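Scroll down for the structure; my scribbles are underneath it.
The values are calculated or read from the model by the stated rules, or taken from the named source; none is laboratory data. Here the structure is a predicted model, which is why all the values come from computation and not from measurement. Cβ placement follows ideal geometry from the backbone for every residue including glycine, while neighbour counts extend to all protein chains displayed. In case anyone asks, the SASA skips ligands and DNA or RNA and just uses the protein heavy atoms, side chains included. Shrake-Rupley method; radii C 1.70, N 1.55, O 1.52, S 1.80 Å.
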Amino acid sequence: MGYLPIIITLSCFIGLFFLVVNQSLVAKKKSILLIQQAFFDELEKLGIVHKKEVGLDAAILKKIEKEFAKAKAENSPKGNSTFENEVRPIIQSLKITVSQYNKLIGKKPYSFVAKVMGHKPLG
């Protein structure tokens, strides 16, 4: 009877750890999707209409990078300040969030939880 409370407490701690890490990874994925949507909304405001492809695939992230490069090349000099002030911070935020997600999955206790819960690294 002496070990039972220790085993129950430890198993509850491990279960809560799994839930918190999973929720954190899901929140990062949702924020990545929201940032991608904001990126396409800003491109629409600038009049650069492209296909909206929002997702967590590496191919979609590469397409967003290509869209950013194309928009930067097409951008006229007079609208450059708008582009630099509104679109560039969004793409930087996207890169940072993807990097944070990948680093979190790469760390040791979190990588085990990510593998068990089915999370994979992005792009």
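General observations
- The set of residues from the stretch 44-54 being touching a residue at least 24 places away in the same chain (Cβ under 8 Å) and either under 20 Å from Val98 (Cα atoms) or in a loop (DSSP other than H, G, I, E, B) (or both) comprises Leu46, Ile48.
- Any hit, the stretch 26-42, residues being more than 18 Å from Tyr110 (Cα to Cα), touching an Asp or Glu at 6+ places or on another chain (Cβ under 9 Å), among the acidic types (Asp, Glu) and in a helix (DSSP H, G or I): yes
Residue-by-condition table, conditions (1) charged (D, E, K, R); (2) more than 30 Å from Thr82 (Cα to Cα); (3) surrounded by 15 or more Cβ atoms within 10 Å (Cβ to Cβ); (4) at pLDDT 95 or above:
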position	(1), (2), (3), (4)
Met1	no, yes, no, no
Pro5	no, yes, no, no
Phe39	no, no, yes, no
Leu43	no, no, yes, no
Val49	no, no, no, no
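- Verdict on Pro89 being modelled with pLDDT of 90 or more, open to solvent by 50 Å² or more (accessible area, probe 1.4 Å) and over 21 Å from His119 (Cα atoms): yes
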